[in-house]
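Input: a single structure, listed below in structure tokens.
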Amino acid sequence: MLEALKVIILGIVEGITEWLPISSTGHLILVEEFIKLEQSEAFIEMFNVVIQLGAILAVVVIYFHKLNPFSPKKTQKQKMLTIQLWVKVAIAAVPAAVIGLLFDDMIEAKFMNAYVVAATLIIYGILFIVVEESHKNKQPAVTKLSKLTIPMVLVIGGFQVLALIPGTSRSGATIIGALLIGTARGVAAEFTFFLGIPVMFGASFLKILKFFKEGGGIMGSEVLLLLLGCGISFGVSVFAIKFLMQYIKNHDFKVFGYYRIALGVIVLAYFGIAGLLAA
């Protein structure tokens, strides 16, 4: 029962922070200091990635019509534009997929710590504020997903590579990249959501594969914990995505920048003090 409650809390954190540009890793590092699953390290590592499946399913459900090239409600032109959108998403996903496959273990070993997470939270928080200030009176050049060109999506995909460093925030990095090339906030956010589909499904599949390849086993109770985490993450993600799309109609991303800076300072202070006390 206690484990289920912990999973519910972790699912809520994942569902909110996966889509808002505030870093799910930064929040999970803090939460896991106080809420630790009584499971093996290998299972917890897999769990933290696999509950993202619930989050990504929320995108599929909310945008099913927009993402479905076979919808009978679409004209032939709309179906073609949907296929083109999927091609652009696939192209944008390539840089992070390649770098992730080559360097995932090295990045996790060297950069998965509280100080790196705190630094990236603060740095990208400042970037959000700077980018929004510099674009304050500018009209976006790209106001429709169909207007995104191949070079543009490659730039956005390149920014997604930065999110391999823990604490960056995948959505945060890609949104900053999209804003820098003149994309409207709504388009930037939606393309970020869609880009998460192949990336997060791929990451979850690889993590599951690695878990079993290294001799990991899973019991029925652990399967239930995974399903519970995914279910909670899905439900909360639906709310988070709808909230973000409604919020950015009348607001910019600066509030998330300030929040990231504050969270980064909290992470730095907490783990810095904990380190001094432990010395």
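General remarks:
- Under the condition of being in a helix (DSSP H, G or I) and surrounded by 15 or more Cβ atoms within 10 Å (Cβ to Cβ), the residues counted in segment 236-250 number 8.
Quick grid of which residues meet (1) touching a strand residue (DSSP E or B) at 6+ places or on another chain (Cβ under 6 Å); (2) buried (at least 17 other Cβ atoms within 10 Å of the Cβ); (3) assigned to a helix (DSSP H, G or I):
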site: GLU132; (1), (2), (3): no, yes, yes
site: ILE175; (1), (2), (3): no, yes, yes
site: ALA178; (1), (2), (3): no, yes, yes
site: GLY186; (1), (2), (3): no, no, yes
site: GLY216; (1), (2), (3): no, no, no
site: LEU225; (1), (2), (3): no, yes, yes
site: GLY229; (1), (2), (3): no, yes, yes
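- Pairs meeting the criteria (first residue in segment 186-200 and acidic (Asp, Glu), second residue assigned to a helix (DSSP H, G or I), beta carbons under 9 Å, at least 6 apart or on different chains) are GLU190/LYS66; GLU190/LEU145; GLU190/MET245.
- The condition of being buried (at least 16 other Cβ atoms within 10 Å of the Cβ) and under 28 Å from GLY217 (Cβ atoms) holds for only one of VAL59, VAL7, that being VAL7.
- Selection status of ILE44, under 29 Å from ILE261 (Cβ atoms), surrounded by fewer than 17 Cβ atoms within 10 Å (Cβ to Cβ), among the hydrophobic types (A, V, I, L, M, F, W, C) and touching a helix residue (DSSP H, G or I) at 6+ places or on another chain (Cβ under 9 Å): yes
- Test: residue in segment 167-178 that is more than 22 Å from VAL116 (Cβ to Cβ) and of a type in the set (A, V, I, L, M, F, W, C): yes
- Residue match in segment 58-81 (condition: part of a helix (DSSP H, G or I) and among the small types (Gly, Ala, Ser)): yes
Any read-out appearing in this document is the output of simple, stated calculations on the displayed coordinates, not a laboratory observation. Since this is a predicted model, take the numbers as computed values, not measurements. Positions of Cβ are generated from backbone atoms using ideal geometry, with glycine treated the same way; all protein chains shown enter the neighbour counts.
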